[in-house]
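Notes to accompany the following structure.
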Amino acid sequence: MSTIEQAMAHGIRAHQAGRFELARSVYEAIVRQAPKHPVSANAWANLALLHERHNRVEMAELSAGHSLGIAPGHPLAALIAARCNRRNGAYESALEHLDSISTERHIADLLFERARVLDKLRRFDVAHECFVHANRIRVDEFPGVNRTVLPRMIAETQRYFTEDWVDGWFDVAQSERPSPLFLVGFNRSGTTLLDRMLDAHPKITVMEEVMAVDAARAVIGGRYPSSLSDISSSVVERARAAYFGVVDQYIASGFEGLVVDKLPLNTISLGLIYRLFPDARVVMSLRHPADVVLSNFMQAYQPNPVTIHFRSIEATARMYAQVMGLGVQFRRVLPMPVLDVRYKDLTQDWEKELRRVFDFAGVEWDAQVLGYRSMAVEQGHIGTPSYDQVVEPVYSGSIGRWRNYMDALAPAWDDLMPFIQHFGYAD
């Protein structure tokens, strides 16, 4: 392996490990020192990927162009160029870039991008077929993902959590450390937009999609959830210590404000959260169930025990019904304060909705939150599929998107209709 190839491998490892500035410096060194070397096409393409994921769209487009100048049809560079075109509204140019690619690599990502562009062009039937194809390929790439663990856990939790069972619990002391505010809901329900707004407040820090609650659950062990009824004070303290041990890895040392734990699917852990933090407050992000299901089906997720269920609209709707059904059950049997924030309301008057959240959380208004978009750009990497949306002006264009896919959603209505009615979207 040549020196430049070794440098490229080093940059890729840094990129994959989340050391983005190191990766960027390595890629830039490669293209500076060997501008016409074939490896520089890869370095430019990876620079484009890095810039686009950090919402530096103009720099991403330039980097992709440099790569394509060295290696026309470079699959990653053309993919990023297409993403930049889509973000800039140049949809036909995006398709041209995608059509220029002839490769067996990145097939699922290329299909997802093509489907997004077709959706923007309002070619909804063709877009749906493309999303179906992309999801099928992506799932086939990860054949070993367990599809049963999450439904089994939800069903077991539903079986235990009744009013009589919870009424029989003995009280546990409140945590010595202030309890976080838990931001939950379902994937693609608006939690990332809300968390970027909250994080702009100087006395709030958001811990974004970190498995801290899972660390606490691991302390409780295999008898969860049945053991919550007779859990000892010492186990509670150890579970809290495990939780805050994870928190302390992600927040600045000495921070004394409000910690927001944002993880949408902590909806299924509200029972554990209440047991460990009986004074905790919860914000639940809500969006029309059909829009939530459609949006998850359209995302290029890497399959895991959660996202494996988003492989089709029908499977996504089934998982939505299981998760949100458990969430509704928790709210019925637990005396836990929960504030609903609707995505539609957030897009129509986000300052009003944010003030409601601050009042609920006991935090005073601060004008710095008005600059949340610029702060999100400065933050750099946003590790959710909404990374490109939270830096744009708040808009309502994705509300009611499900109407464009009525036929495709036909298998989902039986699962979704109870929640459409329960959450007040029947009109």
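The values are calculated or read from the model by the stated rules, or taken from the named source; none is laboratory data. Everything numeric in this text was worked out from a predicted model, so none of it was measured. When we count neighbours, we look across all protein chains shown, and the Cβ atoms used for this are built from the backbone with ideal geometry, even at glycine. We work out accessible area using only protein heavy atoms, side chains counted, and drop any ligands, DNA or RNA first. Shrake-Rupley method; radii C 1.70, N 1.55, O 1.52, S 1.80 Å.
Sort through Asn46, Asn55, Asn42 and tell me the only one that's open to solvent by less than 50 Å² (accessible area, probe 1.4 Å) and over 27 Å from Arg123 (Cα atoms). Matching residue, one of Asn46, Asn55, Asn42: Asn46. Taking (1) over 24 Å from Ile313 (Cα atoms); (2) buried (at least 23 other Cβ atoms within 10 Å of the Cβ); (3) of a type in the set (A, V, I, L, M) in turn, Leu98 satisfies each apart from (2). Can you tell me which residues in the stretch 200-224 are crowded, with 20+ Cβ neighbours inside 10 Å and out of contact with any helix residue (DSSP H, G or I) (no Cβ under 7 Å at 6 or more places or on another chain)? Correct list: empty. For Arg105, the criteria (1) within 23 Å of Ala45 (Cβ to Cβ); (2) in a helix (DSSP H, G or I); (3) open to solvent by 30 Å² or more (accessible area, probe 1.4 Å) hold in every case but one, which is (2).
Scanning the stretch 176-188 for residues that are open to solvent by less than 10 Å² (accessible area, probe 1.4 Å) and modelled with pLDDT under 95 turns up nothing.
Answer yes or no as to whether Phe112 is open to solvent by less than 30 Å² (accessible area, probe 1.4 Å), within 22 Å of the chain's Cα centre (by Cα) and either under 29 Å from Leu409 (Cα atoms) or aliphatic (A, V, I, L, M) (or both). Yes: the conditions hold for Phe112. Scan the stretch 236-255 and tell me whether some residue there is of a type outside the set (Val, Ile, Thr) and under 24 Å from Gly325 (Cα atoms). There is no residue in the stretch 236-255 that is of a type outside the set (Val, Ile, Thr) and under 24 Å from Gly325 (Cα atoms).
Residues in the stretch 244-269 that are under 19 Å from Pro305 (Cβ atoms) and not β-branched (Val, Ile, Thr) were compared, and the one that is surrounded by the fewest Cβ atoms within 10 Å (Cβ to Cβ) is Leu265.
Considering the stretch 64-95, and only residues there that are polar (S, T, N, Q) and open to solvent by less than 30 Å² (accessible area, probe 1.4 Å), the residue that is modelled with the lowest pLDDT turns out to be Ser67. When Gly222 is tested against (1) in a loop (DSSP other than H, G, I, E, B); (2) closer than 30 Å to Lys344 by Cβ; (3) more than 24 Å from the chain's Cα centre (by Cα); (4) not aromatic (Phe, Trp, Tyr), only condition (2) is not met.
Taking (1) modelled with pLDDT of 90 or more; (2) under 30 Å from Arg318 (Cβ atoms); (3) part of a helix (DSSP H, G or I) in turn, Val236 satisfies each apart from (2). For the stretch 321-333, a tally of residues being open to solvent by less than 10 Å² (accessible area, probe 1.4 Å) and more than 24 Å from the chain's Cα centre (by Cα) returns 0. May I ask you to verify whether Thr3 is within 30 Å of Glu129 (Cβ to Cβ), of a type in the set (S, T, N, Q) and either out of contact with any Ser or Thr (no Cβ under 8 Å at 6 or more places or on another chain) or modelled with pLDDT under 90 (or both)? Judged against the criteria, Thr3 is not a match.
Filtered by the rule that a residue be of a type in the set (Val, Ile, Thr) and at pLDDT below 95, the stretch 251-294 gives a lone residue, Ile251. From the residues in the stretch 225-243 that are among the small types (Gly, Ala, Ser) and touching a residue at least 24 places away in the same chain (Cβ under 8 Å), which one is surrounded by the fewest Cβ atoms within 10 Å (Cβ to Cβ)? Result: Ser233. Apart from one condition, Met197 fits all of (1) over 21 Å from Gly327 (Cβ atoms); (2) part of a loop (DSSP other than H, G, I, E, B); (3) open to solvent by less than 30 Å² (accessible area, probe 1.4 Å); the exception is (2).
Answer with yes or no whether Arg318 is surrounded by fewer than 16 Cβ atoms within 10 Å (Cβ to Cβ) and at pLDDT 95 or above. No; evaluated as a whole, the condition is false for this residue.
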